[in-house]
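Working notes for the structure below.
The values are calculated or read from the model by the stated rules, or taken from the named source; none is laboratory data. The structure displayed is predicted, hence computed values, not measured ones. Note that we place each Cβ from the backbone using ideal geometry, even for glycine, and neighbour counts take in every protein chain shown.
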Amino acid sequence: MPGSLKTEGIVLRSIRYGEADRVLHIYTPGRGRVGAIAKGVRKARSRFGGRLEPYFRLSLMLHEGRSDLMTVTGAETISAHPRLREDGGALDAAGRACDAVARLFESGDPNPSVFNLLANELMLLDADPALAGRANQLAFRAKLLLAAGLAPALDACAACGERDHLSGFSGAAGGVVCSACEASAFPLDEEAHAFLVMALGRPLVEAGAATASERALGQAERALGETLEHHAHVRLRPAAAA
């Protein structure tokens, strides 16, 4: 129904539209991902200034009409995350985090925990751009899977329930598998398994700062990627080192 909506939002993506407008993809706590048009935002004297850029956390006033796109009628900055914009690795990690949220969560699918997780990730990258490594990106993705109800089974074989001899990972099965059920699995070392457990169970700031070998992180990324492909039919951009 047409009307005004006041909400917080994080700008995931900004696309030029026409001569002076932009179409924004915004993640909100109460509406999930929404599309909105900011009219005249690219004009030199736009009342929005530079506030509607990717990774900004904003207090927004949106008008909802008959179009699929809302219209931005007001915007105040909550956090611009200026430090991450000065660091190439942090900026890249922020982009991959926003891209993952946009790909995994559809429009009109509210999930306040996803909003809080993304806000926390951007805040951490802004506070310490050095955190923008592969471990941070994978820990963020693991928590996204948890928020989506797709977290892999890690404490017992996803195929038969066996708790010992867990030596592989199967995206199709949805988690770790034992040696008797590993026909369609790939090897998952103990270090990679431990990283995934920590990524799901510890705060993002701790899991993202974890020290793990490239082999372990590679296996963890493959586990998360195969889980997404099999159960959400989503493929994310590869995680990148800082």
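Quick look at the numbers
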item: Residue that is surrounded by the fewest Cβ atoms within 10 Å (Cβ to Cβ) [pool: residues in region 16-70 that are touching a Pro at 6+ places or on another chain (Cβ under 8 Å) and assigned to a loop (DSSP other than H, G, I, E, B)]; result: ARG66
item: Wholly within region 83-164, helices (runs of 4 or more DSSP H) carrying at least 1 residues that are more than 29 Å from CYS181 (Cβ to Cβ) and free of Cβ contacts under 8 Å to residues at least 60 places away in the same chain; result: 88-104, 112-127
item: Condition check for SER107: among the hydroxyl-bearing types (Ser, Thr, Tyr), within 13 Å of the chain's Cα centre (by Cα) and outside the structural domain of PRO54 (by TED's automatic domain parsing); result: no
item: Unique match (being crowded, with 22+ Cβ neighbours inside 10 Å, closer than 11 Å to ALA97 by Cβ and either of a type outside the set (Asp, Glu) or touching a helix residue (DSSP H, G or I) at 6+ places or on another chain (Cβ under 9 Å) (or both)) among ALA142, ALA132; result: ALA132
item: Of the criteria (1) over 29 Å from LEU125 (Cα atoms); (2) loosely packed, with under 15 Cβ neighbours inside 10 Å, which one CYS181 fails; result: (2)
item: Qualifying positions in region 119-129 - more than 12 Å from the chain's Cα centre (by Cα), among the aliphatic types (A, V, I, L, M) and surrounded by fewer than 20 Cβ atoms within 10 Å (Cβ to Cβ); result: MET123, ALA127
item: Selection count where residues are closer than 18 Å to PHE140 by Cβ and free of Cβ contacts under 8 Å to residues at least 24 places away in the same chain, scope region 169-193; result: 0
item: Matching residues, region 84-118, being surrounded by fewer than 22 Cβ atoms within 10 Å (Cβ to Cβ) and closer than 11 Å to TYR55 by Cβ; result: ARG85, LEU91, GLY95, CYS98
